[in-house]
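Structure first, commentary second.
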Ligand SMILES: Nc1ncnc2c1ncn2[C@@H]1O[C@H](COP(=O)(O)OP(=O)(O)OP(=O)(O)O)[C@@H](O)[C@H]1O
Ligand SMILES: [Mg+2]
């Protein structure tokens, strides 16, 4: 799916509707440069999944945040500060991604491209102008 949004709100609405399609074990990968709307999109996913207290600042000392909502475990991963993935973090991420009970949302997913699962949803955001973004959603089976 390819769509151009004209406001952050419109981007969030796309994310909310995508959130309804995410199944347990689902991995959503966000790609896009600084300020393209990855965090806005994540907020929409979180809202759609029922998470109210999503922290959206890129954490300094942890890449992974866990949210439990009803019987769902949602992991929000933000790799903004990651320079290079090391073995320990790769192990930890693999364990989380292979647990079919988890839902995973990854900002800056390109920074762990080598270990992303085949089955995932890619969301690519591109800056068009100050208010517009192109959003491309691809579901890989
Ligand atoms: N159509 C749009 N969709 C999403 N964001 C938009 C849009 N138009 C303008 N914006 C603005 O772009 C910015 C997107 O910021 P956001 O923090 O979501 O980006 P990001 O990709 O997470 O950046 P970073 O990599 O720095 O964390 C916000 O300030 C938002 O108001
Ligand atoms: Mg961000």
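Looking across the stretch 70-90, the residues that are part of a loop (DSSP other than H, G, I, E, B) and touching a strand residue (DSSP E or B) at 6+ places or on another chain (Cβ under 8 Å) come down to 79, 80.
Taking the criterion of being within 14 Å of ligand 2 (Cβ to nearest atom) and surrounded by fewer than 20 Cβ atoms within 10 Å (Cβ to Cβ), would at least one residue in the stretch 116-128 satisfy it? The answer is yes, given that some residue of the stretch 116-128 is within 14 Å of ligand 2 (Cβ to nearest atom) and surrounded by fewer than 20 Cβ atoms within 10 Å (Cβ to Cβ).
Residue-by-condition table, conditions (1) surrounded by 20 or more Cβ atoms within 10 Å (Cβ to Cβ); (2) away from ligand 2 (no atom under 13 Å from the Cβ); (3) modelled with pLDDT of 95 or more:
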residue: 9; (1), (2), (3): no, yes, yes
residue: 12; (1), (2), (3): yes, yes, yes
residue: 18; (1), (2), (3): yes, yes, yes
residue: 24; (1), (2), (3): no, yes, no
residue: 27; (1), (2), (3): yes, yes, yes
residue: 54; (1), (2), (3): no, no, no
residue: 61; (1), (2), (3): no, yes, no
residue: 64; (1), (2), (3): no, yes, no
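Taking the numbered list (1) out of contact with any helix residue (DSSP H, G or I) (no Cβ under 8 Å at 6 or more places or on another chain); (2) surrounded by fewer than 16 Cβ atoms within 10 Å (Cβ to Cβ) in turn, residue 69 passes all entries but (1). For the stretch 92-137, enumerate the residues that are free of Cβ contacts under 8 Å to residues at least 40 places away in the same chain and not in a helix (DSSP H, G or I). Matches in the stretch 92-137: 118, 129, 130.
When you check residue 35 against the structure, is it assigned to a loop (DSSP other than H, G, I, E, B) and within 14 Å of ligand 1 (Cβ to nearest atom), yes or no? Here the answer is yes, as residue 35 does meet what is asked. For residue 41, the conditions (1) more than 16 Å from ligand 2 (Cβ to nearest atom); (2) at pLDDT 95 or above; (3) assigned to a helix (DSSP H, G or I) all hold with the exception of (1).
Suppose the filter is exposed (fewer than 15 other Cβ atoms within 10 Å of the Cβ), at pLDDT 90 or above, over 18 Å from residue 31 (Cα atoms) and away from ligand 2 (no atom under 16 Å from the Cβ); does residue 86 pass it? Judged against the criteria, residue 86 is a match.
The values are calculated or read from the model by the stated rules, or taken from the named source; none is laboratory data. What you see is a predicted model; the values in this text were computed from it and never measured. Every residue, glycine among them, receives a Cβ derived from its backbone with ideal geometry; neighbour counts consider all protein chains shown.
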